[in-house]
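Asker: Can you read through this structure? Questions will come right after.
Values in this text are rule-based calculations from the coordinates and carry no lab data. Given the structure is predicted, the values throughout are model-derived calculations rather than measurements. Glycine gets a Cβ as well: all are built from the backbone with ideal geometry, and neighbour counts include every protein chain shown.
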Amino acid sequence: MTDPSAVSHTSVSTHILDTSIGRPAEDVAVQLSVRAGGEAPWQDHGAGRTDADGRCKDLPALPEGTTHVRLTFTTEPYFTTQQAEAQQDAPRVRDSGAFFPEVAIVFAVTAGEHYHVPLLLNPFGYSVYRGS
């Protein structure tokens, strides 16, 4: 029998792998925003930074009623400062230092589940998936 006092939280975690160098992307800012319903306005709910393993471990549990989540990764500082030397062979991007100055990922959630959403990143592309 399920304990009625047990609270079922919906949670999100993420990590970033820089596929251009085969290493985790450290010190990337991550903003967590939520909304309840497809037409509802976004509300900032938490933020963090990736650690040496590229993981952002301190995102808060989602509020009850959340139906959509947006993770926004601020990637421009990562590529322009921290990876300048590692990216020496990559083509230079005019004006910005990063083709994608930020990456925003939006996904639907179901109450009580955990969502791990890794970002595979390089200077000129990215992909995401639902991990475990």
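Asker: Count the DSSP beta bridges whose two residues both fall in region 11-128, then state the antiparallel fraction as a percent rounded to the nearest 5.
Answerer: 80
Asker: Per residue of region 20-29, in order, report the coupling 6.51 cos²θ - 1.76 cosθ + 1.60 (Karplus, θ = phi - 60°) as ³J(HN,Hα) in whole Hz, putting x for Gly and Pro.
Answerer: 6, 10, x, 9, x, 8, 8, 6, 9, 6
Asker: Taking each pair of distinct Cα atoms in region 11-128 once, what is the resulting Kirkwood hydrodynamic radius in Å?
Answerer: Numbers: mean 1/r = 0.0676 Å⁻¹.
14.8 Å is the Kirkwood radius here.
Asker: If you don't mind, another one. If we sort 121-131, 10-20, 61-71 on the protection proxy, mean other Cβ atoms within 10 Å, highest first, what's the order?
Answerer: 10-20, 61-71, 121-131
Asker: Also: So what J values fall out for region 44-59 if you push phi through Karplus, 6.51 cos²θ - 1.76 cosθ + 1.60 with θ = phi - 60°, rounded to Hz, Gly and Pro as x?
Answerer: Here the 3J(HN,Hα) series is 5, 10, x, 7, x, 9, 6, 8, 4, 8, x, 9, 10, 9, 10, 6 Hz.
Asker: Also, I was wondering about something else. Residues with amide H under 5 Å of ALA47's amide H, sequence separation 5 or more or different chain, H placed in the peptide plane at 1.01 Å from N; which?
Answerer: LEU32
Asker: Determine ³J(HN,Hα), in whole Hz, for all residues of region 101-118 in sequence, where each value follows from phi through the Karplus function 6.51 cos²θ - 1.76 cosθ + 1.60 and θ = phi - 60°; x replaces Gly and Pro.
Answerer: x, 8, 10, 10, 10, 10, 8, 8, 10, 10, 3, x, 9, 10, 10, 9, 10, x
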